[in-house]
1. Does the range 175-190 contain any residue that is in a loop (DSSP other than H, G, I, E, B) and of a type in the set (D, E)?
2. Does any residue in the range 42-68 that is under 22 Å from L141 (Cβ atoms) and at pLDDT below 95 come within less than 9 Å, Cβ to Cβ, of a residue that is exposed (fewer than 15 other Cβ atoms within 10 Å of the Cβ) and small (G, A, S) six or more places away or on a different chain, and which pairs are these?
3. Looking at G156, G164 in this structure, which one is at pLDDT below 95 and either charged (D, E, K, R) or surrounded by 15 or more Cβ atoms within 10 Å (Cβ to Cβ) (or both)?
4. Is it true that H131 is in contact (Cβ under 8 Å) with a residue 40 or more places away in the chain and surrounded by fewer than 17 Cβ atoms within 10 Å (Cβ to Cβ)?
5. Looking at (1) part of a helix (DSSP H, G or I); (2) over 26 Å from G164 (Cα atoms); (3) in contact (Cβ under 8 Å) with a residue 24 or more places away in the chain; (4) small (G, A, S), which is the one condition that is false for G214?
6. Could you list, in sequence order, all residues of the range 59-86 that are within 21 Å of G125 (Cβ to Cβ) and in a strand (DSSP E or B)?
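The values are calculated or read from the model by the stated rules, or taken from the named source; none is laboratory data. Given the structure is predicted, the values throughout are model-derived calculations rather than measurements. Note that each Cβ is placed from the backbone with ideal geometry, even for glycine, and that neighbours are counted across all protein chains shown.
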Amino acid sequence: MLDFWARRLASGWMLGAVLSACGTAYSYQAPPCQADEIPQDGGCVADRKKISLDSVGYLPTRAKTATLVDLDTFEIKRADGTVAMAGDAKGPVAADTAEANVKIADFGSLTEPGEYYLEASGPDGSLTSPHFHIGSDVYDLALITVMLGLHGQRCGGAVHIEYGGFTFEHAECHVNDALTTYLDDTSVIRPSLRGWHDAGDYGKYVTNGAFALGILFKAWEHFPRVLAPLAVPIPEHGGALPDFLAECKWEVDWLLTMQLADGGASRKFALQAVERRLD
């Protein structure tokens, strides 16, 4: 609201009101709306138009939908601007947000591989989505990116990743871990190498690591023929294990070091100074 009045003061609206009251002719010019606003009643209101879709892409024979807000009709256009299909959005439908007039654009009948974008129109104008792809390989890059993300969290080994024109790397780290001071005050090194750093810090947690591995192993259980040939640029590429399992093994090797002689297990590996503040 303050921004609303500030822009009217800057545009001379308040001065115009005063001059008009004094009998002086004055032509009021409405302030320009910002990129996320639309003109309404001589002012600007929030533009609620929205398109939500999977910008990663869609498999050719699977469902393809987009969610539209304050938009009624849509066209799916190829990258060159030609129209591949058009239709009316279905709805309005119930939504678990505060937004009203939510509709669904269904373009599941479009199976031709290629690069597309969605353009939708409504009472307050049109909106264009980011480009997306339809194809059998649309999730390949996303999967490799996830695996590189795990690789980038490696502890106890050097990391070098080239991705998207950027280089991400760190030298071999934490090769003398870990002291047992906080575990039993013996202050000796109990080897606990490898594993993935957690949350961008140096901690390594059994629960978090086991949970991540469980998801990865379940994926392998369901889709071994897809994951076995996956090529990930990691040092183990081309070795005895598929790249997918080689990255998993880096975490498994560390988890095994967390088991204690009595059969129990230590739950985490972290900086002692931090742990004394948190516990």
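1. The first filter runs over the range 175-190 and keeps only residues in a loop (DSSP other than H, G, I, E, B), leaving 175-178, 180, 185-188, 190.
Checking the rest, the ones that are also of a type in the set (D, E) come to 177, 185.
Scanning the range 175-190 turns up at least one residue that is in a loop (DSSP other than H, G, I, E, B) and of a type in the set (D, E).
2. Short answer, once both residue conditions are applied: V56/A142.
3. Values: G164 fails: either charged (D, E, K, R) or surrounded by 15 or more Cβ atoms within 10 Å (Cβ to Cβ) (or both).
From the options G156, G164, the qualifying one is G156.
4. Details: in contact (Cβ under 8 Å) with a residue 40 or more places away in the chain: yes; surrounded by fewer than 17 Cβ atoms within 10 Å (Cβ to Cβ): yes.
Taking the combined requirement at face value, the residue satisfies it.
5. Condition not satisfied by G214: (3).
6. If we filter the range 59-86 for residues that are within 21 Å of G125 (Cβ to Cβ), which is where we start, we get 66-77, 81, 83, 86.
Of everything in the range 59-86, those that are within 21 Å of G125 (Cβ to Cβ) and in a strand (DSSP E or B) turn out to be A66, T67, L68, V69, T73, F74, E75, I76, K77, V83, A86.
Results for (1) among the hydrophobic types (A, V, I, L, M, F, W, C); (2) closer than 18 Å to S52 by Cα; (3) not assigned by TED's automatic domain parsing to the domain that holds A270, shown as yes or no for each residue.
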residue	(1), (2), (3)
V102	yes, yes, yes
D106	no, yes, yes
E112	no, no, yes
E115	no, yes, yes
S121	no, yes, yes
L148	yes, no, no
C155	yes, no, no
T167	no, no, no
E172	no, no, no
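Yes or no, residue by residue, for (1) among the hydroxyl-bearing types (S, T, Y); (2) out of contact with any strand residue (DSSP E or B) (no Cβ under 8 Å at 6 or more places or on another chain); (3) loosely packed, with under 13 Cβ neighbours inside 10 Å:
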{"residue": "Y202", "(1), (2), (3)": "yes, yes, no"}
{"residue": "G209", "(1), (2), (3)": "no, no, no"}
{"residue": "L213", "(1), (2), (3)": "no, yes, no"}
{"residue": "L216", "(1), (2), (3)": "no, yes, no"}
{"residue": "P233", "(1), (2), (3)": "no, no, no"}
{"residue": "E247", "(1), (2), (3)": "no, yes, no"}
{"residue": "A270", "(1), (2), (3)": "no, no, no"}
